[in-house]
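Notes follow once the structure below has been shown.
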Amino acid sequence: MSQTVRTLIALPVAALLLVGGSSGLAEEPAAPRNLNDYLCKDLMRLTGGERENALALVHGYNLGKKDTTEFDVDTLAALTDRFIEHCLDHPNDKALAAFEKLAK
């Protein structure tokens, strides 16, 4: 497993903070987003840090739904791999629904 994947999975909460964070500058508020609106192909089109943040977000969301903060890095890495393979094979599936199905 690559160090990037380990880092990604080890810090899912950090991505949630980054997504919700503010730089403190006077900016126009971003429109709210809904995780249920994203398709697998939307996630697969992201690159680098954007994809890592999106994957960390769904891992954190999934841990929150399970009401836990405990996780195993290798288990989450395997889930990430299965999710990416699923999305490559089924680009029009809802990304969050696919992730949740695989995470059961």
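So here's what we get for this one:
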{"read-out": "Which numbered condition ASN36 fails, given (1) modelled with pLDDT of 95 or more; (2) touching a strand residue (DSSP E or B) at 6+ places or on another chain (Cβ under 7 Å)", "value": "(1)"}
{"read-out": "Evaluation of ALA95 against (1) in contact with an Asp or Glu (Cβ under 7 Å, 6 or more places away or on another chain); (2) modelled with pLDDT under 95 (one fails), failing number", "value": "(2)"}
{"read-out": "Selected residue (criterion: nearest to LYS104 (Cα to Cα)) from residues of segment 44-68 that are surrounded by 17 or more Cβ atoms within 10 Å (Cβ to Cβ), in contact with a Leu (Cβ under 8 Å, 6 or more places away or on another chain) and among the aliphatic types (A, V, I, L, M)", "value": "VAL58"}
{"read-out": "Helices (runs of 4 or more DSSP H) (entirely within segment 24-104) containing at least 3 residues that are out of contact with any Phe, Trp or Tyr (no Cβ under 8 Å at 6 or more places or on another chain) and of a type in the set (D, E, K, R)", "value": "40-45, 48-65, 73-89"}
{"read-out": "Unmet requirement for THR4, which otherwise passes all of (1) in a loop (DSSP other than H, G, I, E, B); (2) at pLDDT below 95", "value": "(1)"}
{"read-out": "Residue that is nearest to LEU35 (Cα to Cα) [pool: residues in segment 80-104 that are out of contact with any strand residue (DSSP E or B) (no Cβ under 7 Å at 6 or more places or on another chain) and buried (at least 19 other Cβ atoms within 10 Å of the Cβ)]", "value": "LEU96"}
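The values are calculated or read from the model by the stated rules, or taken from the named source; none is laboratory data. Keep in mind it's a predicted model, so treat the numbers as computed, not measured. Because the Cβ atoms are built from the backbone with ideal geometry, glycine has one as well, and the counts that use them run over all protein chains shown.
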